[in-house]
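Working notes, structure below.
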Amino acid sequence: MSAILLSGLFGVLAVWITGFIITFRKQLTCMVGMMAAMALGMTVGLALGALLTLWLPGQFFYSTVISMIAGGAIGVLAGAPISLMAVMDGLLSGIMGGMMGTMLMVMMPQPYAGITVKFMSVICSGILFLLYLMLQGEIKTSSLRQKSFLLSKPVSMFAVIAITLIFTSFSQVNGRIDSGHKMVPASDHSKHTNTRSSSEAVDKELLVQAMEFSFSPTSIRVVEGQKVKISLANQGKEVHDFEIVGTSVHIHSAPGEKNSMIVSFDKAGYYQVVCTLPGHKEAGMTATIHVAAS
């Protein structure tokens, strides 16, 4: 619910500011219009990129493409009433913002994803509000008074932003967020993770699929002390592995192969999983194991 509200907030702000630009386009200089299109496209693309990465875990490519298109489109709409140069600036800035938003969330450890999204929401909405104030400063007061309350009074936009952020601060953002536990330090992982023979009896079996470049699922939940058989099925065309950071758990699979290992965790918390092949982790091939207290 919070993710929907946040995305809706940025959609409303984008339409609001774009409407202002269209209404007062004759009073805005080309330079101001260019800066507005750049700021709007970049900021909205950044915010949407972060949210889409949470909604589509493991789908780094699709999250990036969609956020780039959305950010670029908003930049174009904001720049179109001003000039072709403003359109180009808005398009390129929106594309860049979309890429930056998804890359930031892919590199962010899962336990901090919720805090990061909320922090970014405050920063991005604040930037858009300052942009709105800047645009109003370029318009004569007499012209502003002739328009509706929404376009003439910045307090209306401030109220929308404040109410949305306050409401979402009391709930979690949908996606890969669970801030109720702490991440187990990597230095302690080896002391709380045990490996066993793959022929031993297990309490739970978990199939993890590896592709280019993601794991499925990306969020894994097990219980403290539970014997879990983790099988890595490589569905991709490249070699992949499954390593729990700071432990001896390392499962390697060639394309088309499936290998397994039985593990158990003696301490509750979060454990980060990565593919250690060069460049795979950076491309988004990560996951998180949430070990719940028994």
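The values are calculated or read from the model by the stated rules, or taken from the named source; none is laboratory data. Everything numeric here is computed off the predicted structure, so don't read it as measured data. Note: ideal-geometry Cβ built from the backbone for every residue, glycine included; neighbour counts use all protein chains shown. These accessible areas exclude ligands, DNA and RNA; they are computed on the full protein's heavy atoms, side chains included. Shrake-Rupley method; radii C 1.70, N 1.55, O 1.52, S 1.80 Å.
Numerical summary
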{"quantity": "29, 288, reordered so the largest accessible area comes first (probe 1.4 Å)", "calculated": "29, 288"}
{"quantity": "Solvent-accessible area per residue, Å², over segment 44-165 with all protein chains present [probe radius 1.4 Å]", "calculated": "48"}
{"quantity": "Whole-number D in µm² s⁻¹ for the chain, Kirkwood Cα-pair radius fed into Stokes-Einstein, 20 °C, 1.002 mPa s", "calculated": "102"}
{"quantity": "Stretch gain in nm, segment residue 216-residue 62, where the contour uses 0.36 nm per residue and the Cα spacing is subtracted", "calculated": "53.9 nm"}
{"quantity": "Packing-based order for 100-106, 48-54, 140-146, using average beta carbon neighbours within 10 Å, highest first", "calculated": "48-54, 100-106, 140-146"}
{"quantity": "FRET efficiency estimate (nearest 0.05) - Cβ-Cβ, residue 205 to residue 292, R0 22 angstrom", "calculated": "0.80"}
{"quantity": "Long-range lysine pairs (8 or more apart or interchain), the chain, Cα under 15 Å", "calculated": "10"}
{"quantity": "Carbon + sulfur, % of accessible area of the chain - ligands and nucleic acids excluded, 1.4 Å", "calculated": "65"}
{"quantity": "Kyte-Doolittle mean at least -0.5, axial Cα span of 30 Å or more - DSSP H helices of the chain", "calculated": "2-23, 30-55, 84-107, 113-137"}
